[in-house]
1. Within the stretch 85-100, is there a residue that is of a type outside the set (Asp, Glu), in contact with a helix residue (DSSP H, G or I) (Cβ under 9 Å, 6 or more places away or on another chain) and touching a residue at least 40 places away in the same chain (Cβ under 8 Å)?
2. Six or more apart or on different chains, Cβ under 7 Å: which pairs go from a residue in the stretch 704-717 that's on the phi > 0 side of the Ramachandran plot to one that's in a helix (DSSP H, G or I)? Could you list them?
3. Considering only the stretch 725-746, I want to know if a residue exists there that is basic (Lys, Arg), over 22 Å from ARG769 (Cβ atoms) and modelled with pLDDT under 75.
4. How about the stretch 485-563: which strands (runs of 3 or more DSSP E) wholly inside it have at least 2 residues that are at pLDDT 85 or above and of a type in the set (Gly, Ala, Ser)?
5. Taking ASP175 as the residue in question, decide whether it is farther than 30 Å from ASN304 by Cα and in contact (Cβ under 8 Å) with a residue 24 or more places away in the chain.
6. Among the residues of the stretch 367-384, write down those that are farther than 20 Å from VAL319 by Cα and either basic (Lys, Arg) or under 25 Å from the mean Cα position of the chain (by Cα) (or both).
7. Can you name every residue in the stretch 308-356 that is surrounded by fewer than 18 Cβ atoms within 10 Å (Cβ to Cβ), touching a Gly at 6+ places or on another chain (Cβ under 6 Å) and aliphatic (A, V, I, L, M)?
8. Look through the stretch 617-651, keep the residues that are surrounded by 14 or more Cβ atoms within 10 Å (Cβ to Cβ) and part of a loop (DSSP other than H, G, I, E, B), and return whichever of them is modelled with the lowest pLDDT.
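The values are calculated or read from the model by the stated rules, or taken from the named source; none is laboratory data. Treat the numbers as computed from the prediction; the structure is a model and nothing was measured. Using ideal geometry, Cβ is built from the backbone for each residue, glycine included, and neighbour counts are taken over all protein chains shown.
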Amino acid sequence: MKLPPHTRPDETSSLPFSYSRKLLESILNVGSDYISVKDREGRFVYINDLDASLYNAKPQDMLGKTLEPWLGKAQFEKWYQVDMEVLNSGQKKHSEPYKRTGKDGITRWFDTVRIPFRDEQSGQALLFVIHRDITKLKEAELERKRLEEQLLQNEEIYHSIGESIDYGVWISEPDGRSIYASESFLKMLGMTQEEWHDSILEEVVHPDDLEQTNAAWKECVRTGTKWESEQRYRGVDGQWHWILSRGVPVKGKQGQILRWVGVNLDITERKKAEDHLAEQAALLDKARDAILVRNLEGKILFWNKGAERMYGWTREEAVGRNIRELIYSNPQEFFEVDERLIRLGEWQGELQLLAKSGQKITVEAYITLIRDNQGSPKSVLAISTDITEKKRLEAQFLRAQRMESIGTLAGGIAHDLNNILAPILMSIDLLKSTATDPQAGQILDAIGVSARRGADIVRQVLLFARGTEGQKIEVQPRHIVEDIASIIQDTFPKNIQLEFLIPKDTWTILGDPTQVHQVLLNLCLNARDAMPNGGNLTIGVENCVLDDQYAAMNVQIKPGRYVRINVTDSGTGVPPEILDRIFDPFFTTKELSKGTGLGLSTAMGIVKSHGGIINVYSELDKGTTFKVYLPAMDSTSETLKLPFAEVSQPRGNGETVLVVDDEASILIITSQTLQAFGYRVLTATDGADALTVYAMHQNEIALVLTDMAMPLMDGASTIQALRQINPKVRIIAVSGLQGNGDSIKMSKLGVRHFLTKPYTAGVLLRTVRTILDEV
């Protein structure tokens with residue numbers, strides 16, 4: 001056959017083909033079919049990428065050419081013959097599947113369709129050829145045919161196999177009727193082949209399993225899918241045997257089911273073991289502790305309900321996962337525990353683990369190595385108890401103990417410190433009254449500033465350690481917050497955005513407004529310092545009721561109504577490792593010149609003295625929230641009197657004052673101060689000495705000024721003894737330890753005036769004058 005010469009690629013644009021080439025190529029290149037268009041000479045008018053790839057070529061290399069360069073002359077003429085038959089007949093032709101090896105060396109099966117058509121524009125006859133890759137289908141079909149033939153030809157083999165093995169082999173008709181069961185299976189049931197052939201499921205299957213088994217078998221017969229089911233069969237021994245039944249359909253060439261072939265396995269013992277394990281697992285699920293079993297590589301094999309509750313992962317999510325990746329916050333810790341476990345056989349201690357939520361959990365774990373019958377390590381059993389809350393309460397209790405210890409220490413040294421500072425402060429007033437040199441006056445002023453600064457620091461430490469009773473009145477927290485808002489709006493940097501959430505129905509508290517004001521101002525100043533580059537500061541007030549559970553988790557608080565004041569910043573946050581130390585006195589992360597470390601400790605002392613607590617929540621680079629809880633008043637109380645206002649220093653009129661103190665320096669300075677301002681002074685160094693002096697000069701003494709902390713006979717005992725001598729004796733109590741309950745204690749002793757060391761001469765003189773002027 002003579003063929004026309006090949007067309008050059010650059011001539012393809014003149015081929016008669018009226019369709020939009022770009023649109024057509026896009027469509028024909030999308031699918032998985034091998035597509036081409038040929039003219040009557042066998043030259044390609046179009047070929048898609050997939051079809052060209054069979055010849056290890058690109059479409060542009062094949063356009064205008066025949067397949068002869070790629071197939072050879074003989075094969076090309078054979079295919080060309082078929083193409084011409086279709087073009088000449090004008091009828092579509094579906095060829096028989098054939099296999100073909102491409103240039104890539106892969107052999108594929110193809111289903112080919114040839115469709116003749118005529119180009120409307122040029123009238124040229126063209127051939128549309130579609131090759132569809134049916135390799136997988138063809139291979140599956142060939143395999144099915146092979147299996148069908150093998151199964152049909154060897155059905156007798158099944159009978160032989162069934163008689164030679166312990167488990168049952170069965171064969172059924174396409175409609176599901178049984179035609180054969182192996183003797184071993186029939187023996188267990190006590191049936192013959194004939195009886196089995198005529199039997200129905202109702203006669204052999206347990207009533208509780210019958211409905212589900214019957215429905216599942218009918219569905220498999222209908223759909224021709226694989227059969228697998230577990231059900232109980234009644235045995236010749238009268239017992240019910242658990243049988244695992246599996247079967248597959250044997251199909252013919254046209255896909256019709258020829259036979260069902262399967263096996264029956266007696267799994268009664270396995271079921272008993274599973275039931276026993278299920279009972280054990282149910283018991284383990286009752287445990288509150290997390291119980292798990294893993295293999296030596298860490299893969300989880302068992303996970304009880306306690307583990308689900310503790311870690312948040314369900315059994316389905318956990319089993320099969322590696323425990324190291326699932327719950328260990330520090331993977332290295334897993335290897336350390338594992339090393340000791342293999343070496344010693346068990347491990348016990350505390351671990352920091354992770355819940356699904358990302359929350360850290362502290363657990364007390366007991367981990368033991370399980371060995372097989374030969375003594376080789378087989379698996380690992382771990383039992384863990386969540387002690388997170390226990391550790392938190394322990395830390396809270398230890399912190400309370402530490403605070404109490406610090407308070408005791410502060411109280412122990414405060415008396416001595418105040419005794420040191422008191423004569424300094426009082427001496428300054430005396431020296432200034434006699435100093436004529438201006439430079440000396442300046443030096444005295446500097447000394448006074450330093451002494452008062454020292455006194456303030458001691459007072460703040462005492463305030464933190466023991467709190468202070470102060471003068472408490474009914475306070476509306478809303479007013480204090482509004483006052484704070486006014487201050488910080490005028491003084492804080494403009495790059496700090498302020499927000500105040502102050503409801504009008506806020507409950508009132510019984511407290512010292514100045515002290516509460518100091519608490520909030522300290523917290524706001526800390527928030528400002530935590531936002532050097534600006535941020536958001538929110539102050540909110542709200543009513544809340546704390547229940548017994550909340551109180552149980554916070555040992556320093558009682559259930560009831562509270563006013564909560566929140567101070568929230570968006571600053572740098574507090575590192576977790578120092579969060580429990582921020583209320584310690586003198587602890588600060590600021591530069592030496594920017595803070596004393598007493599702000600938060602003072603705030604804690606004030607809140608504690610009001611019967612409240614401070615909680616802090618912080619995240620690094622996200623911010624910090626301080627929550628101040630102050631007990632709310634149940635009803636409006638009478639307004640308590642505020643402390644008297646300080647006035648100018650008054651003088652005495654020759655009245656006699658008995659000064660009692662065990663510190664010689666304080667005794668001297670106090671005496672000199674009173675004498676300098678017109679008083680006559682008698683002194684005593686302890687309570688016993690004071691009683692002797694008072695008994696001798698009872699009619700002369702107008703006032704007794706006594707220290708409360710003295711050896712042998714303390715101030716309270718001295719006051720009681722003086723009351724025995726003279727119930728109307730006027731007394732001023734003095735102490736360097738202004739702790740909670742001091743005012744109440746003095747009130748019970750009949751003492752209405754109380755001085756806290758250190759005090760200035762002015763405070764001393766005004767207090768003495770006030771009590772002497774009382775009627």
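1. Checking the stretch 85-100: at least one residue is of a type outside the set (Asp, Glu), in contact with a helix residue (DSSP H, G or I) (Cβ under 9 Å, 6 or more places away or on another chain) and touching a residue at least 40 places away in the same chain (Cβ under 8 Å).
2. From residues that are on the phi > 0 side of the Ramachandran plot, the pairs are LEU712/GLY687; LEU712/ALA688.
3. Yes; the residues of the stretch 725-746 include at least one that is basic (Lys, Arg), over 22 Å from ARG769 (Cβ atoms) and modelled with pLDDT under 75.
4. So the answer is 535-546.
5. yes
6. Scanning the stretch 367-384 gives a single hit, ARG371.
7. Within the stretch 308-356, ALA355 is the sole residue that qualifies.
8. GLN649
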